[in-house]
Amino acid sequence: MTLLEGEREVILKHVKEILDDRGTSRENLIPVLQQVQDKLGYLPDLAMQKIAAGLDIPTVDVYGIATFYNQFRMNPPGDHQFKVCMGTACYMVGGNIAIESFERRLEIREGETTPDRKFSLERVACVGCCTMAPVVLVDEEVEGHVTPTRVDGILLAFETETEKEEGKNGEGIEEKEERRSDA
Amino acid sequence: MKVITAVERYTELKTKAQEKVNSLQDKPLVRIGTATCGLAAGALQVKETFEEEIKNKGLDVRIQEVGCMGHCYAEPLAIISKPGFPSFCYGKVDEGLAKLLVDSFLENDDPCYEYAMVALEPNDIFPTFTDFPRDAYEKKIILEHCGFIDPGDIEHYIAHEGYAALAKALEEMKPEEIISEMTASGLRGRGGAGFPVGKKWSLCKDTPDEVKYIICNADEGDPGAFMDRNVLESNPHQVIEGMLISAYTVGAEKGYIYIRNEYPLAIQRIETALEQAREIGLLGDSIFGSPFNFDLEIFEGSGAFVCGEESALVSSMEGKMGIPQARPPYMAVSGFRGRPTVLNNVKTFAYVPTIIRKGADYFKSVGTSDSSGTAVFTLVGKVANTGLVEVPMGTTLRQLIFDIGEGIPAEKEFKAVQIGGPSGGCLPETKLDIPIDFDSLAEAGAIMGSGGLVVLDEDDCMVAIARYFLEFTQQESCGKCTFCRLGTKHMLDILTRITQGKGEMADLEILQELAEDIKMGSLCNLGKTAPNPILTTLRYFRDEYEAHILEGRCPACMCKDLILYYIVPEKCSKLCNVCVGSCPVEAIYTREDGLKAIDQEKCVKCDNCLKTCPPEHDAVIKLSPPVLPED
Amino acid sequence: MGKKITLTIDDRQVTAFEGEKLLWVALENDIYIPHLCAIKEEERPSASCRLCFVEVEGFSHPVTACTQEVYAGMIVKTRSPRVDRLVKSAFELLLSDHRLECAKCPKNRSCELQKIAKERKLKLRLTRLKPLEKEYAIDESMGSFVFDPSRCVLCGRCVYVDHQEVEVGAIGFTHRGLQRKVTTFGGGLLADSPCTGCGRCVEVCPVGALFFTDKAG
């Protein structure tokens, strides 16, 4: 992936700061990767190369770790992330139906980001809210009892938010309020 | 000069803490459960409403966040204590109820009995938890204070005997005595395998080394299990105290809590707890004035289920892939950084303070002879009272599901109970009377596991459930060893074919053979236990496999390829249009006679029409095998 | 190394040093036990191929010979119905993820899989399982040798020599589960990696995943 203008400098700056703070022992590899991803949203190749150099290990080993753990991603995520819980309780009452609904509405597959980088969709292991199954994490907020209709509601709320931001027209604010209160 | 002993130092701390906690009772107190389950149900909004209303009315009321009481089905929960009344607990509190309670109870003196769930202290006006049928079966040891004390304030824990066990251990007990106490208590590891804790600690203690480590495994990954998270969110100090005692026993000065990064709230609450413990000298150098030094750090896991396996967990702490190693050597001899390491589960450490404080005999008096103490389960799935329960070992599954969980909702039939997550198994009705303990469950083909318990009813397909778990383990396999990497994939492929109606009877034999070989031949416990969901469903629900293969029929109408949605004309109403609007793909149309019908070519089987069809019509049904009735 | 001891493998008395791993003791005494992932120099064997199962008297289950230390008086059987069943199953699983076109493979007749099949009279085709058919790109960028991942059995020998022996760090295990594979950083071509073309990885490959081209002579 080609980096946008200025991205290179940002990456180098953050990686350097984090390495300076964390130290250069191999044991720090995972915390360093976590912190870099927190800052950048993903792990660009350049960041992994600099981390490898900083910790004095082969680049392929850093790539190995980054591809082993679910947490790490190699591509920038969408502005908003939908994480559909696929724990047992959620699966049994329609977690896969929720995923399919998102896939249909967003026209992407799980693990992908919409072309405008606005939304990304992934499945996650049990988030531990089994009693509200099926559960979807909308960014960091937990939405319980997510039916296909609810999926429409969640997306509609984002649409009206965008409209509000872009056009400054007040329409749809009530619907957003509604979403908050029945959440 | 008089030497101040650990117990004296502790008594001083406790007196101060109790004074503080008692002083809270001089004015009304609202406690709101803000563990993840509460937050998800909207506890924060409820808290804000309370705050606002109390401010508007100018009342003098304290508001406090607490953890989870285990009654997750009734979240958000609020407890209101007002001088002159017993404390009342209210369930499913929304903003309206919050306003009402401020108005009626806090401002005036009407506790709104119609909304109260339970009173906490014995009284003659309202039932308490002891009047609940489940109280006869429950026995709370590690959940005792969860949901009642403020997890963000160490003094609340101390006021309830917290850290008394540590003081006792440091002052009165030699490490050998602690080990014999642990051994006598019969405590077995609660991570799933049930290894005796005394034995593990003793092995680590007896391995000579300058440096040793204590690690708490909080990488709770079983889908459908969240006990560890709740314990850490609701009462983190009892786990820290357990780790301190373990460290003192084996001679470790450094410990780690390895926790999933998907548990941000738990991480935050542990961080606060560690800070507060450090501030008053319960972590750091010369704890309680003794020569014992110990400190704790958090390590955030990166999302790999296999890291729940101890050697994989340690590998990942060392900056490597979370890949299990062959044993021996054992952790207690050569673990983190090659040093002797005690690695126990959250709940295991949480039991330790009680055992030291109340003695091994007390712990042994609860449970069965081979499995002492209690078992903590998350009760989820098709059961009326979902939540967290703690029962003595030996309680039967039937008591747990039907007495404590109050059975299956919506008048459905019980079908099976899944215990132990992806490593466990599905047990049928005929096995419900077996007692819950490590050995009885293993004998029936399930495992105790870490405590996830999912109830399944007639709408759940056992082949699909087995497939679900296989898909999980297959995705979470580290990929190192042949049996687990490739064997689980082949089993999954076969199960997928069966759920699609493309299976053959010979597949069942191959499944059985593969399952047995994977169980015997895999390197670690993830692989060794991965076949359990298949082996148990083949053993107890073979007829469902056969229905899929021989008749192309899914008895539970769950497998998408073997069902179709159908609107029964006799039940459908011309006046109602709900299903048409609910269909995301415009597959539902109005027939010439005004009734609705489904275009099977377009239908994506999303279940929306069935869910939205008004109950007075109830006209949408599923048919399996997918054949339309002849008109 | 510990003291000299005597043990019995398949009714034969052999001597070894205490603490040695059973697999190497057997092989040095010309007793064949199938194996792919074992590397003698490695302190903690990866024990991942699951082919070297044997029975040890007093043990309730078959154990892997690569991890089992020998001890005085140990009695070992390299074959039993249980061992044969496990080896057969592991072998078929490996074949299901291996492109089976021996006639077209440069390692034909010098392939370890063929050797195992011959020694244990196992079929070199799938009997119960369907092939997994994954897609792989063949890497010919180095010129002197080729990497064809569709034949890789994930034994890890190439990664070991790359990291520990020649200390280059060009290739390693990446991804998890079924996707686990040997790749370069970012999955790119070997020519774009730190690879020096020394060819050690090719020499240790037990199958036809890494092989020299004719150009190399």
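Using heavy atoms of the protein chains and a probe of 1.4 Å, the accessible area assigned to B:Asp110 is about 70 Å².
Tell me whether the stretch C:134-217 comes out rounded, prolate or oblate; compute the Cα gyration tensor, take square roots of the eigenvalues as a ≥ b ≥ c, and use a/c under 1.5 as the rounded threshold.
Values: a/c = 1.39, a/b = 1.20, b/c = 1.15.
Judged from the Cα gyration tensor, the stretch C:134-217 comes out rounded (a/c under 1.5).
Its Cα centre serving as origin, the stretch B:503-590 has a Cβ charge dipole (Lys and Arg +1, Asp and Glu -1) of approximately 480 debye. Amide H contacts for B:Ala332 (H built 1.01 Å from N in the peptide plane; partners 5 or more residues away or on another chain; cut-off under 5 Å): B:Thr341.
At most 15 other Cβ atoms within 10 Å and a DSSP loop assignment: could you name the trypsin sites (Lys or Arg not before Pro) in the stretch B:399-455 that fit?
Values: sites: B:Lys412, B:Lys415, B:Lys431; in loops: B:Lys412.
Those that pass, being in a loop and sparsely packed, are B:Lys412.
Rounded, prolate or oblate: which fits the stretch B:563-623 when a ≥ b ≥ c are the square roots of the eigenvalues of the alpha-carbon gyration tensor, with rounded for a/c under 1.5 and prolate only if a/b beats b/c? Rounded. Under the simplified labelling scheme, the B:Lys27-B:Leu59 pair shows an inter-label distance of 1.2 nm, with each label point 7 Å from Cα along Cα→Cβ. Shape class for the stretch B:162-364: rounded, because the ratio a/c of the largest to smallest gyration tensor axis (alpha-carbon atoms, square roots of eigenvalues) is under 1.5.
In the stretch B:22-132, the DSSP beta bridges split such that about 60 percent are antiparallel, to the nearest 5. Database remark: amide H of A:Arg123 closer than 5 angstrom to the amide H of A:Val84, A:Gly111 (H placed geometrically; neighbours at sequence offset of 5 or more, or on other chains; Pro and chain starts carry no H). Backbone phi angles across the stretch B:285-302, fed through the Karplus curve with coefficients 6.51, -1.76 and 1.60 (θ = phi - 60°), yield HN-Hα couplings of 8, 5, 5, 6, x, 8, x, 7, 10, 7, 9, 10, 10, 9, 10, 8, x, 10 Hz in residue order; Gly and Pro are listed as x. Backbone N atoms of the stretch B:393-411 closer than 19 Å to the 7 Å Cα→Cβ label point of B:Ile434 belong to residues B:393-402. Proximity of backbone amide H atoms, modeled 1.01 Å from N, is registered between B:Gly381 and B:Val455 at under 5 Å, excluding neighbours fewer than 5 places apart on the same chain.
Each label was represented as a point 7 Å from its Cα along the Cα-to-Cβ direction; for B:Asn108 and C:Gln179 these points are 6.2 nm apart. DSSP assigns beta bridges within the protein assembly as shown; of those with both partners inside it, close to 65 percent run antiparallel.
Rounded to the nearest 500, what is the 222 nm mean residue ellipticity of the protein assembly as shown from helices alone, with -39500 (n - 2.57) per DSSP H run of 4+ residues and division by all residues? If you can, show how the numbers build up before the last one.
Values: 36 runs with 361 residues, N = 1031.
Helix contribution divided over all residues of the protein assembly as shown: -10500 deg cm²/dmol.
Our coupling estimate for the stretch B:399-414, obtained by passing each phi through the Karplus curve with A = 6.51, B = -1.76, C = 1.60 and θ = phi - 60°, is 4, 5, 7, 9, 8, 7, x, 6, x, 8, x, 6, 6, 8, 8, 5 Hz, Gly and Pro reported as x.
Considering every residue in C:83-93, what mean count of other chain Cβ atoms within 10 Å of its Cβ is obtained? Each step should come with its number before you reach the end.
Numbers: counts 0, 0, 5, 6, 2, 1, 11, 8, 1, 6, 12.
Taking the mean over all residues of the peptide, I get 5.
Of the residues C:Glu140, B:Glu458, B:Glu48, the one with the largest accessible area comes first in the ranking C:Glu140, B:Glu48, B:Glu458, computed with a 1.4 Å probe on protein heavy atoms. Between B:Glu586 and C:Leu189, the distance separating the two model label sites (each 7 Å from Cα on the Cα→Cβ line) works out to 4.9 nm. Rounded to whole numbers, the Karplus 3J(HN,Hα) couplings from phi for the stretch B:128-141 are 10, 4, 5, 8, 6, x, 5, 4, 5, 9, 6, 8, 9, 10 Hz, using 6.51 cos²θ - 1.76 cosθ + 1.60 with θ = phi - 60°, and x at Gly and Pro.
With both residues required to sit in chain A, DSSP beta bridges show an antiparallel share near 55%.
Taking all protein chains together and rolling a 1.4 Å probe, B:Glu443 ends up with roughly 150 Å² accessible.
Using a Förster distance of 56 angstrom, determine the FRET efficiency expected from the C-beta separation of B:Thr183 and B:Lys602, and round it to 0.05. With a Förster radius of 56 Å, E is 0.25.
Residues of A:52-61, mean number of Cβ from any other protein chain within 10 Å of their own Cβ, rounded to a whole number? Kindly include the intermediate steps, with their values, before the conclusion.
Values: counts 2, 0, 0, 1, 0, 4, 12, 8, 19, 10.
Mean partner-chain Cβ count within 10 Å for A:52-61: 6.
In the context of the full protein assembly, C:Lys123 retains an accessible surface of approximately 120 Å², using a probe radius of 1.4 Å and ignoring ligands and nucleic acids.
From largest accessible area down, sort B:Tyr468, B:Tyr137, B:Tyr589; use a 1.4 Å probe on the protein chains. Spell out each step's value before the answer.
Details: B:Tyr468 10, B:Tyr137 65, B:Tyr589 110 Å².
These residues rank, largest area first, as B:Tyr589, B:Tyr137, B:Tyr468.
Peptide B:518-528 shows a mean partner chain C-beta count of 3 within 10 Å per residue C-beta. Identify the residues of the stretch B:191-218 with backbone N under 17 Å of a label point that sits 7 angstrom from the Cα of B:Lys174 along the Cα-to-Cβ direction, or state none. Residues B:202-203, B:205-207 fall inside that zone. Looking at the stretch C:20-77, the chymotrypsin sites (Phe, Trp or Tyr not before Pro) that sit in a DSSP loop and have at most 16 other Cβ atoms within 10 Å of their own Cβ are C:Tyr32, C:Phe59, C:Tyr71.
The values are calculated or read from the model by the stated rules, or taken from the named source; none is laboratory data. The structure displayed is predicted, hence computed values, not measured ones. Cβ: placed from backbone, ideal geometry, glycine included. Neighbour counts: every protein chain shown. Only protein heavy atoms, including side chains, enter the accessible area calculation; ligands, DNA and RNA are left aside. Shrake-Rupley method; radii C 1.70, N 1.55, O 1.52, S 1.80 Å.
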